[in-house]
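S.K.: For reference, the structure I am asking about is given below.
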Amino acid sequence: MKVVRLRSLLQIAVLAVAFSTAARASDEKAAAGVSQRDLQAKVDYCETCHGLSARGFIGFHPIPRLAGQPVEYIENELKGFVEHKRENKESPSSTNIMFNVGHVLSPAMIHALATHFHDLNPKPFGGAPKEIVAAGKKIFDDGVPSADVPACGTCHGADAKGNGAFPRLAGQLYPYIVTQLTNWAKERAEENSNIMAPIAHGLTKSQIEAVAAYVSYLE
Amino acid sequence: MKLLRLKSAVLAIAFSAVSSLAGHAESHAIRNCTWCHGTSAQGYLPAPRLAGQKRQYLENQLVGFSQHTRDNPFSKQYMWFATASLSPKTAHDLAIYFSELSPKPAEDGNQQLAAMGRKIYQDGIPDSNIVACIACHGPNAEGVREIPRLGGLEFSYLQRRLEQWGEGYNKTAMHPMPHVASQLSAKQIAALASYLSFIK
């Protein structure tokens, strides 16, 4: 009896060691319950629209860069689409796409994707007018005190790489930022982005373009 | 008087040389296209409809034929020669001319499959990692910039193009079509091509 018990214990121990080795060998990005194969298939799927290495892509609408975004921000936005908190009233088809994309993802897959995209660092997409970059840098660094617009770097980081729920702006597509800031109330109706509403509203068209051009070139 | 007449003749020649091809349906360059693509460029299979196609897309394709990057069989057989001595200026003018003609829908797909095609076009198939076509080609499949208009093109043209990506043609084409189309089944391709053929 004792021998049998000892034997089964030994088997369990061997199995446990084997499993832990296998787990370590697989990509550590893959969270519990997500295989490397499923994650890669989903990453390819995301990059079909969001561009190679998730650097952003301009389809019918600008499709934002995901690379380098904080994990928390990506998770929040995906949940926002699924729970109908992030609704784009200007472009219902975009909201519909992201709802469909998001609602089939498990929490483990959302986390694995967010971590994967956070770790990517491709060169910016580019294409913004260069002559307004200097004016944009000034707005980013100093804000527009006369219009109660704080310095962007205060929340988004001096290097514009974002932090937690605050998105990275560095390398984001120029037309995407322009569209978001221009139509903030319609594009980003979700509650947790209310903080940006008065700021976006306080910027003029040319200020929006300048600051969008500046951050779009940051690496 | 004679001098004046001569001057106007010179002017007339100069003007006709700089004007674009638009409004010159009889120009040789346009006639060379419409022999196959139909007199109003509505397509005459296997030559696809050009009318109403996006200008930048048309221009890019002409360059693709002349540089042999668009290498599917009919392109190779017809379009490589057709574009062999096409100047960039003429390619540009042709693209403008055809993009400004109003397109008529082919409406020649399978009605029974159109609803399935519409669903894939608008929603993709997230569980199978198939993306929604609408993200790039637009809510009415109208295209934008270098992204082609698909709505109303001929069923068999759309079907062949979608098949060809998966067969390895046009490999140098831009991200993401080779990846997207190679994931589609024959039935999904037929459904998409059917749906698109009916879009006005």
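The values are calculated or read from the model by the stated rules, or taken from the named source; none is laboratory data. This structure is a prediction, so every number in the text was calculated from the model and none was measured. No Cβ is skipped: glycine too gets one built from the backbone with ideal geometry, and neighbour counts run over all protein chains shown.
S.K.: So, restricting to helices (runs of 4 or more DSSP H) that lie completely within region A:29-144, which ones have at least 1 residues that are under 17 Å from B:ILE134 (Cα atoms) and not basic (Lys, Arg)?
M.R.: The helices (runs of 4 or more DSSP H) meeting that bar are A:36-50, A:92-103.
S.K.: Another question about this same structure. From the list A:LEU39, A:LEU66, pick out the single residue that is within 19 Å of A:LEU120 (Cβ to Cβ), touching a residue at least 24 places away in the same chain (Cβ under 8 Å) and within 12 Å of another protein chain (Cβ to nearest Cβ).
M.R.: Within the list A:LEU39, A:LEU66, the selection yields A:LEU39.
S.K.: Right, next: Looking only at region A:72-113, filter to residues that are among the acidic types (Asp, Glu) and buried (at least 18 other Cβ atoms within 10 Å of the Cβ); which one of those is farthest from the chain's Cα centre (by Cα)?
M.R.: Restricting to residues being among the acidic types (Asp, Glu) and buried (at least 18 other Cβ atoms within 10 Å of the Cβ), the top hit is A:GLU87.
S.K.: From B:HIS179, B:HIS175, grab the single residue that is part of a loop (DSSP other than H, G, I, E, B) and either on the phi < 0 side of the Ramachandran plot or more than 14 Å from every other protein chain (Cβ to nearest Cβ) (or both).
M.R.: Answer to the check: B:HIS175.
S.K.: Go through region A:134-183 and give me each residue that's aliphatic (A, V, I, L, M), over 15 Å from A:ALA213 (Cα atoms), over 21 Å from the mean Cα position of the chain (by Cα) and surrounded by fewer than 18 Cβ atoms within 10 Å (Cβ to Cβ).
M.R.: A:VAL144, A:ALA147, A:ALA151
S.K.: Something else about it: Is it fair to say B:GLY151 is within 17 Å of the chain's Cα centre (by Cα), under 18 Å from B:TYR44 (Cα atoms) and buried (at least 20 other Cβ atoms within 10 Å of the Cβ)?
M.R.: yes
S.K.: So, one more: For B:GLU107, state whether it is within 14 Å of another protein chain (Cβ to nearest Cβ), modelled with pLDDT of 95 or more and in a loop (DSSP other than H, G, I, E, B).
M.R.: Judged against the criteria, B:GLU107 is not a match.
S.K.: Please state which one of A:GLU131, A:GLU187 is crowded, with 20+ Cβ neighbours inside 10 Å, more than 30 Å from A:GLY33 (Cβ to Cβ) and of a type outside the set (Phe, Trp, Tyr).
M.R.: A:GLU187
S.K.: Just name the residue that is nearest to the other protein chains (Cβ to nearest Cβ) out of those in region B:116-135 that are in a helix (DSSP H, G or I) and touching a residue at least 40 places away in the same chain (Cβ under 8 Å).
M.R.: Among residues in region B:116-135 that are in a helix (DSSP H, G or I) and touching a residue at least 40 places away in the same chain (Cβ under 8 Å), the one nearest to the other protein chains (Cβ to nearest Cβ) is B:SER128.
S.K.: Looking at (1) within 14 Å of chain A (Cβ to nearest Cβ); (2) within 21 Å of A:GLY59 (Cβ to Cβ), can you tell me which one B:GLY152 breaks?
M.R.: (1)
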